[in-house]
Amino acid sequence: MAILAVGVYAPATLLGPLPAASATPADSLPTADAAGPVLGENGASAVILSGDTAPFAIGGSTDPLPMASIAKLVTALVVLDAKPLEPGAAGETRVIGTEDYQDYIDYSRDGARTVVVFPNEKWTQREMLQALILGSSNNHADTLARWAFGGVDAYLAAASSWLAEQGLDTISVADTNGLSPESRGTAADVTRLAALVQAEPVIAEILANPPSALVNNRGVTNTTAYLAEDGVTGISRSYTDEAGVCLLFTASVPAPAGSTETEPLTFSAVYLGSPDYDTLEADVRALMASAAAGAGTVPLIEKGATYATISTPWGATASAVAITPQERRAWATHDASIDVQLDDFSTGSVGAIVGSVTVATTGGEHRSRLQLDRAITDPGALWRLTNPVPVIGTLLASLQE
């Protein structure tokens, strides 16, 4: 027995691997109560931060809804994809033909928005886009489709392919201008469309510098303007019986005094199916007020904060703390989720890397490695000799791997 103890038991307990430390990871964030956007209950709405690829908040219906003149932005983007135009350039010329003029007559008779054209007038690509985007001209939507693709049906086929390429799977267009209720999309995808609009220099230029007149000094009213005094820049504002009031816009809110963030909070938002303009105005003002409250930053991951508590069978304890701080606009962190991943280990020195913490928001993932805030050392010979079950059990398990 003495030989067995000296030859087997002692080496197994004194030299064998120690059982792994156990950990209790954090399951909540200090940002759980951070301010979120206030979205209306009517129709559908969504908000996306500038630079993000997906909206971080959606309100109301998640089904595709009629989007009225927002469909004209699809027309503008698809035309520019087929017929690129340099900022400041006029582009090619379209001579107004019989179909173009008849469109103007028909849409005017039906009370739809138009910009006046006459047969044989010459309109540049830029002027047609200005009439389409700023004047919300239904007749110019058809004219652009004929000019760029030879006909409306050919345009619709091209638009369908373009939408698929952009991953805008819920947006579909049945016409060039959104008068059809079958031109529809979800609020989530329409906010992503806003990001594509902002990334197109020609459209951004047209929205930023609306002209006072077009061909033959013909006046054009900027139909996109809406609540500019509140920091709102309209991209599309329209109404149809089927779609209700629809608004797509960008906005900017200054960072609050004392915030670590110096840049304004910029974002895009959409409202589809609002019942009337009074309701829309109330909803937009409430959203802007919530944006002001959420324009500052809050920590997603705090340097030195504990994201897991470590303990061992021999009574040693430590904390796994974050190395790299991460922060995010308060408005966009109300629905963030946390994931703590820890390595298997038994001992470690101060500062040893033992895992990572990842905080996910709709705008992306934010990560930091975790390190020990104090050393976890070998318990020593006495503990090993007096606790053979966990030590030898660990040894046997390691031999089976």
Kindly report the accessible area of region 81-146 per residue (heavy atoms of protein chains, probe 1.4 Å, no ligands, DNA or RNA), in Å².
-> 44
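Can you pull the Kirkwood radius for region 107-183, inverse mean 1/r over Cα pairs, to one decimal in Å?
Details: mean 1/r = 0.0752 Å⁻¹.
One decimal place: 13.3 Å for the Kirkwood radius.
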Could you size up the charge dipole of region 27-148 around its Cα centre, putting +1 on the beta carbon of Lys and Arg and -1 on that of Asp and Glu, and report it in debye to the nearest 20?
-> 440
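Can you tell me how region 170-275 classifies by the Cα gyration tensor, rounded, prolate or oblate, using a/c under 1.5 as the rounded cut?
Working: a/c = 1.96, a/b = 1.27, b/c = 1.55.
Oblate, because a/c is 1.5 or more while a/b does not exceed b/c.
With a 1.4 Å probe and every protein chain kept in, tell me what percent of the accessible surface of the chain is carbon plus sulfur. It would help to have the intermediate numbers written out before the result.
Details: 9180 of 17740 Å².
The value for the chain is 52 percent carbon and sulfur by accessible area.
Evaluate E = 1/(1 + (r/R0)^6) for residue 102 and residue 169, where r is the Cβ-Cβ distance and R0 equals 30 Å; express this FRET efficiency to the nearest 0.05. Before the final figure, lay out each step's value.
Details: r = 35 Å, r/R0 = 1.15.
With a Förster radius of 30 Å, E is 0.30.
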For residue 308, residues with placed amide H under 5 Å, excluding near neighbours = 26, 320
Can you tell which of 28, 114, 50 lies farthest toward the positive end of the dipole of region 28-114, using +1 and -1 charges on the Cβ of basic and acidic side chains (Lys, Arg; Asp, Glu)?
-> 114
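Work out the FRET efficiency for residue 377 and residue 212 from their Cβ-Cβ distance, taking R0 = 56 Å, and round it to the nearest 0.05.
On the way: r = 78 Å, r/R0 = 1.39.
Efficiency computed from Cβ-Cβ geometry: 0.10.
Determine the shape class of region 59-113: with a ≥ b ≥ c the square roots of the Cα gyration tensor eigenvalues, call it rounded for a/c under 1.5, and otherwise prolate if a/b is greater than b/c, oblate otherwise.
Numbers: a/c = 3.16, a/b = 1.21, b/c = 2.60.
Cα axes put region 59-113 in the oblate bin.
Calculate, in nm to one decimal, what residue 252 and residue 50 gain on full extension: separation in residues at 0.36 nm each, minus their alpha carbon distance. Walk me through the numbers before you get to the answer.
Numbers: separation 202, 0.36 × 202 = 72.72 nm, distance 0.98 nm.
In short, 71.7 nm is gained.
If I stretch the segment between residue 199 and residue 228 completely, what's the gain in nm (0.36 nm per residue apart, minus their alpha carbon distance), one decimal?
On the way: separation 29, 0.36 × 29 = 10.44 nm, distance 2.08 nm.
Answer, rounded to one decimal: 8.4 nm.
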Residue by residue through region 87-95, the couplings from Karplus 6.51 cos²θ - 1.76 cosθ + 1.60 with θ = phi - 60°, in Hz, x for Gly and Pro, are x, x, 7, 7, x, 5, 10, 10, 8
CD proxy at 222 nm, helix term only [per DSSP H run n ≥ 4: -39500 (n - 2.57); per residue of the chain; nearest 500] | -9500 deg cm²/dmol
Under-5 Å amide H pairs with residue 124, H placed in peptide plane, nonlocal only = 94
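Could you please put 127, 165, 327, 281 in sequence from largest to smallest accessible area, using a 1.4 Å probe?
These residues rank, largest area first, as 165, 327, 281, 127.
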With x for Gly and Pro, the residue-by-residue ³J(HN,Hα) of region 366-379, computed from phi through the Karplus equation 6.51 cos²θ - 1.76 cosθ + 1.60 at θ = phi - 60° and given in whole Hz, is 10, 10, 9, 6, 10, 10, 6, 8, 8, 6, 10, 9, 4, x
Determine the relative contact order of region 168-290: mean sequence separation of Cα pairs under 8 Å and six or more apart, normalised by residue count, in whole percent.
-> 18
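Per residue, how much accessible area does region 239-371 have with a 1.4 Å probe, in Å²?
On the way: 5560 Å² over 133 residues.
Using a 1.4 Å probe on heavy atoms only, each residue of region 239-371 averages 42 Å².
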Name the shape class, rounded, prolate or oblate, that the alpha-carbon gyration tensor gives for region 146-200, where a ≥ b ≥ c are the square roots of its eigenvalues, rounded holds for a/c under 1.5, and otherwise prolate holds if a/b is larger than b/c and oblate otherwise.
-> prolate
Would you mind checking which residues have amide H under 5 Å from residue 236's amide H? H placed 1.01 Å from N; only 5 or more apart, or other chain.
-> 248
Give me the angle, in degrees from 0 to 90, between the Cα long axis of helix 187-199 and the longest principal axis of the Cα atoms of the chain, rounded to the nearest 10.
-> 70
Residue-wise, which Karplus ³J(HN,Hα) couplings in Hz belong to region 218-225, taking 6.51 cos²θ - 1.76 cosθ + 1.60, θ = phi - 60°, and x for glycine or proline?
-> 6, x, 9, 8, 7, 6, 7, 4
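About its Cα centre, how strong a charge dipole does the chain have in debye, to the nearest 20, once Lys and Arg get +1 and Asp and Glu get -1 at the Cβ?
The calculated dipole for the chain is roughly 980 debye.
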Reported label for calculated Cα extents along the principal axes in Å given (1) 67, 63, 45; (2) 112, 44, 37; (3) 75, 57, 40 | (2)
So the angle from the long Cα axis of helix 277-293 to the longest Cα principal axis of the chain, reported in degrees to the nearest 10, equals 40
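The values are calculated or read from the model by the stated rules, or taken from the named source; none is laboratory data. Here the structure is a predicted model, which means the values were calculated and not measured. In this analysis, Cβ positions are derived from the backbone assuming ideal geometry, glycine residues included, and neighbour counts consider all displayed protein chains. In case anyone asks, the SASA skips ligands and DNA or RNA and just uses the protein heavy atoms, side chains included. Shrake-Rupley method; radii C 1.70, N 1.55, O 1.52, S 1.80 Å.
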